[in-house]
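Asks: Let me begin by handing over the structure; questions about it come next.
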Amino acid sequence: MQKLYKQDYPKAAESFKKIFEQHPTNKLIAHTELIYAYSLYLGAQYDDAFDVYTNYLLYFPTSMDVTYVRYMMFLCYYNQILDISRDQTNTENALALFKQLEASTTKNNPYYIDAAKKIPIINDYLAAQQLSIGVMHLKANNPLAAIHRFQNLMKYTSTIHIPEALYKTVESYIILGLDDQAIKYFAILEYNYP
């Protein structure tokens, strides 16, 4: 524990791993595994921490700490979210883990409340990536592919990127010569974002 308190997370994780491996039948092994995973997490070894948390759920599925473990798994992905020009698999995985957390706990659980505060950020990242790819398709004179991306973005209803996606959708339909569709999306844009 001293290594953990001294913020020497790699050595702390190694110590807890040894305890786990050397005393697998000890009644405190579940707690030891949680501290081991948390040490990895604090040391920014998110993939390794995620694996330990996953194993914890396999070995202790009825533990009182299941909600905490799911929350920490969510954070392992959340802390690895990259800018929108990069692959958003970690962002999508964080969102999927949030949905698992949401299904397994109450809305007043502190882990759920904290994770829920992070969902708008996740949605903004995913929407921004769709917008970025759509704009790229539009610049490459591929308005159909652009429209598809802009419509994918619309499922993130609380994102700040919807007005631009609506505007770019109007632009795409004008390029295609589909004026009725362009007018329809312009009316939606004008009504919701005057």
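Asks: Percent relative contact order of the chain, based on C-alpha pairs within less than 8 angstrom and at least six residues apart? Let's see the in-between values first.
Replies: Numbers: 218 pairs, mean separation 21.5, N = 194.
Computed over the chain, the figure is 11 percent.
Asks: Here are some pairs, 99/155; 99/184; 117/155; 155/184; which of them have Cα atoms lying more than 23 Å apart in this structure? Don't skip to the answer; put the middle values down first.
Replies: Details: 99/155 16 Å; 99/184 33 Å; 117/155 18 Å; 155/184 18 Å.
Correct reply: 99/184.
Asks: For region 70-186, which whole percent of the accessible surface, found with a 1.4 angstrom probe, sits on carbon and sulfur atoms?
Replies: Whole-percent figure for carbon plus sulfur exposure: 54.
Asks: Please pull out the direction-averaged projected area of the chain, using the convex hull of its alpha-carbon atoms, in nm² to one decimal place. Walk me through the numbers on the way to the answer.
Replies: On the way: hull surface 55.7 nm².
For the chain, averaging the hull's shadow over all directions gives 13.9 nm².
Asks: Still on this model: Taking only protein heavy atoms into account and a 1.4 Å probe, give the accessible area per residue of the chain in Å².
Replies: Numbers: 11410 Å² over 194 residues.
Computed with neighbouring chains in place, this is 59 Å² per residue.
Asks: Specify the longest stretch of the chain that does not include any exposed loop site, a site being one of the trypsin sites (Lys or Arg not before Pro) with a non-H, G, I, E, B DSSP assignment and at most 16 other Cβ atoms within 10 Å. Mind showing how you got there, number by number?
Replies: Details: sites that count: 6, 27, 86, 107, 155.
The reported range is 28-85.
Asks: Given Cβ point charges of +1 (Lys, Arg) and -1 (Asp, Glu) and nothing else, what value in debye, to the nearest 20, does the dipole of the chain about its Cα centre take?
Replies: Details: 17 positive and 19 negative charges, 81 e Å.
Result for the chain is approximately 380 debye, rounded to the nearest 20.
Asks: Gaussian network model of the chain, Cα springs within a sub-10 Å range: biggest mean-square fluctuation belongs to which of 95, 40, 176?
Replies: Result: 176 has the largest fluctuation of those listed.
Asks: Which whole-Hz ³J(HN,Hα) couplings does region 185-194 yield from phi under the Karplus relation 6.51 cos²θ - 1.76 cosθ + 1.60, θ = phi - 60°, glycine and proline marked x?
Replies: Ordered by residue, 3J(HN,Hα) equals 6, 5, 4, 5, 4, 5, 6, 8, 9, x Hz.
Asks: Heavy atoms of the protein only, probe of 1.4 Å, neighbouring chains included. What is the accessible area of residue 183 in Å², nearest 10?
Replies: 110
The values are calculated or read from the model by the stated rules, or taken from the named source; none is laboratory data. Please read all numbers here as calculations on a predicted model, not as lab measurements. As a convention, Cβ positions derive from the backbone with ideal geometry for all residues, glycine included, and neighbour counts pool all protein chains shown. The area values use the complete protein model at the heavy-atom level, side chains included, leaving out ligands, DNA and RNA. Shrake-Rupley method; radii C 1.70, N 1.55, O 1.52, S 1.80 Å.
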